[in-house]
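The next block holds one structure in the form of structure tokens; read it before the comments.
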Amino acid sequence: MAGSFWRRALLPLGTLVGLILLWQACCMIFRIAPYTLPQPWDIARRMAEDGPRLLDQTWSTLRLALKGIGLGIAFGVVSAVLFHLIPGVRAALSPIIIITQNIPLIALGPLLIIWFGFGILPKLILLALVCYFPIAWSMLAGLGQAAPHLREYLAMIGASRFEVLRRLELPASLPYLFSGLKITATYSITAAIVAEWLGASEGIGHYLVLKSKGYDTTGVFAAIVCIVTLSLAFYGLAVLLERFAIRWRPERATAAEGGKAS
Amino acid sequence: MSDGASRAKLRLENISKSYVRKGRRFLVLDDLSLTVGEGEFVTLLGPSGSGKSTLFRLIGGVERPDAGRVYLDGADTTGRRGQISYMPQQASLFPWMSVAANISSALATAGIERRRAAALAEEWLGRVGLGDVAGAYPHVLSGGMQQRVSFLRALLMPRGVMCLDEPFAALDALTRADMQAWLLQLWEEERRSVLFVTHSIEEALTLSDRIYVLSPAPARVLREIRVPFPRPRRQEVWTEPAFVSLKQEVLELLSQRGAAHGV
Ligand SMILES: Nc1ncnc2c1ncn2[C@@H]1O[C@H](COP(=O)(O)OP(=O)(O)OP(=O)(O)O)[C@@H](O)[C@H]1O
Ligand SMILES: [Mg+2]
């Protein structure tokens, strides 16, 4: 048990620390100019100095991303269920959805700004478009994956369509929904940054624009650290939610029992 | 008990069913007729692939026969769902529901009010010694225990006929004997009308009042056997001479057919 913890947590952490030390050493030995590649130590100092502002900006990005995920989940789940229940809808709408998914964000963003101005609306639309797809598609796959013998059982005892959905298809699709959510969690941050980059007065994306326009490389790196942290936090949150929601899985339960026994 | 067709709980009349596979028609059930009387334990004994599960799908209304009718309590229920209770080949418990919820949700489907369904599940799980696992997820149960839960779920459904599709096929021999004894005892207390499917001759002779021996596909009734052993039946009924000779008779019947098919 302890061994696996060391290997799972400390080994990757050690690699990371080693890499940062190596970076620091390179910067010092080769005297690399800070506007080319700042030292990790300088980035850390900058983050401490600029802490309140960074926190503020990160918080605003986080809120935007959460709104996007919320919209993505809401539309994604509802439309997956509708597509599943009404087969014609899926065939009719999937080309449109696939097309929207293949327009690059960087092209779509400015268009949305032209149409909807600089307010929150175009940003939300952009985020919702990005967050929607992984959720809807993985959920839709999950709804069709329910075990055939359980489906057969419900048919034999005369369960209604609604009962089949509620008792079999929705729970069976949860693992799929969560794998979509994990993808969406990191996508949403990227999309939020792009949205802020294109036109915003706050957010870590906005901060990034300011710093890069001022050739403040240290500032850019500080923003990157915030963005990566935010992405990882979102991913971690999705994993936690999944564990909380799906407690019936045999492998988890046996692992937990093994832990209790030892 | 089964003779008066009007008193039959379940009656199948001249059922035929075929499937189209690779552009060809395969006859699976060929003009099959049978009855299950009130409180009678009837077994369909047939080789693998003879169409027993298909017959259940027709009785359950999941599919319609090409010809023939299904009557429950004298009413034509051909192609109507939600008329029977059913125990499938695999335990088919929902992994995301507790053992108790698996039972009570099925009862709710059958029209029992939620709170009463939960109480019934609780009560019966305790009664058969599964009270401790009522709140557990099904995967912590052994295969035998899962089948007990699955049987209980079928037993508690307030429906006229129980259809049990090879419920013990996946169990090892010892667990299977155990389960047979358990089922025998429960059934003899409850006396529900049962249509049971198996391809074990011993199992059929141990449990049933009557046996229909089916031919390999397309399934036809080869013979109807009335099992003479009294109730309550002992588990050791297989030691009786009559048991051995009946078993011999069925074996010959099936192997004759097999030989005839082989030619
Ligand atoms: N939906 C279907 N489409 C085509 N063929 C089918 C279908 N369902 C069943 N069959 C065929 O019908 C035949 C009978 O199948 P069935 O499952 O009823 O047999 P069984 O007697 O229950 O067998 P076992 O004892 O192995 O469970 C098989 O040959 C099977 O391939
Ligand atoms: Mg079968």
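The values are calculated or read from the model by the stated rules, or taken from the named source; none is laboratory data. Since this is a predicted model, take the numbers as computed values, not measurements. Backbone-built Cβ (ideal geometry, glycine too); neighbour counts: all protein chains shown.
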Tell me the residue from B:L58, B:L29, B:L10 that is crowded, with 21+ Cβ neighbours inside 10 Å, of a type outside the set (F, W, Y) and part of a helix (DSSP H, G or I), please.
B:L58
Please go through (1) in contact with a Cys (Cβ under 6 Å, 6 or more places away or on another chain); (2) within 13 Å of ligand 1 (Cβ to nearest atom) for B:Y86 and return the number of the only condition it doesn't satisfy.
(2)
Under 21 Å from the mean Cα position of the chain (by Cα), part of a helix (DSSP H, G or I) and not hydroxyl-bearing (S, T, Y): is that true of A:A92 in this structure?
no
From B:I112, B:I84, B:I59, residue being within 13 Å of another protein chain (Cβ to nearest Cβ), more than 15 Å from the chain's Cα centre (by Cα), under 27 Å from B:E189 (Cβ atoms) and among the hydrophobic types (A, V, I, L, M, F, W, C):
B:I112
With A:M139, A:M156 as the choices, which residue is closer than 30 Å to B:A101 by Cβ, buried (at least 21 other Cβ atoms within 10 Å of the Cβ) and touching a residue at least 60 places away in the same chain (Cβ under 8 Å)?
A:M139
Look at B:S200 and say whether it is away from ligand 1 (no atom under 16 Å from the Cβ), of a type in the set (S, T, Y), away from every other protein chain (no Cβ under 14 Å) and under 30 Å from B:G61 (Cα atoms).
no
If you go through the range B:246-253 one residue at a time, do you hit one that is at pLDDT 90 or above and assigned to a loop (DSSP other than H, G, I, E, B)?
no
Hey, can you tell me all the residues within the range A:197-219 that are buried (at least 21 other Cβ atoms within 10 Å of the Cβ) and free of Cβ contacts under 8 Å to residues at least 60 places away in the same chain?
A:L208
Boolean, B:V42 is within 18 Å of the chain's Cα centre (by Cα), in contact (Cβ under 8 Å) with a residue 12 or more places away in the chain, more than 14 Å from every other protein chain (Cβ to nearest Cβ) and away from ligand 1 (no atom under 14 Å from the Cβ):
yes
B:A75 passes all but one of (1) at negative phi; (2) in contact (Cβ under 8 Å) with a residue 24 or more places away in the chain; (3) more than 14 Å from chain A (Cβ to nearest Cβ); which number fails?
(2)
Checking the structure you have, find out if any residue of the range B:59-69 is of a type outside the set (G, A, S), outside the structural domain of B:R153 (by TED's automatic domain parsing) and more than 16 Å from ligand 1 (Cβ to nearest atom).
yes
Kindly evaluate B:R64 against the criterion of being within 14 Å of chain A (Cβ to nearest Cβ) and in a loop (DSSP other than H, G, I, E, B).
yes
Which condition does B:R81 not pass, out of (1) of a type outside the set (A, V, I, L, M, F, W, C); (2) within 16 Å of ligand 1 (Cβ to nearest atom); (3) in a loop (DSSP other than H, G, I, E, B), if it passes all the others?
(2)
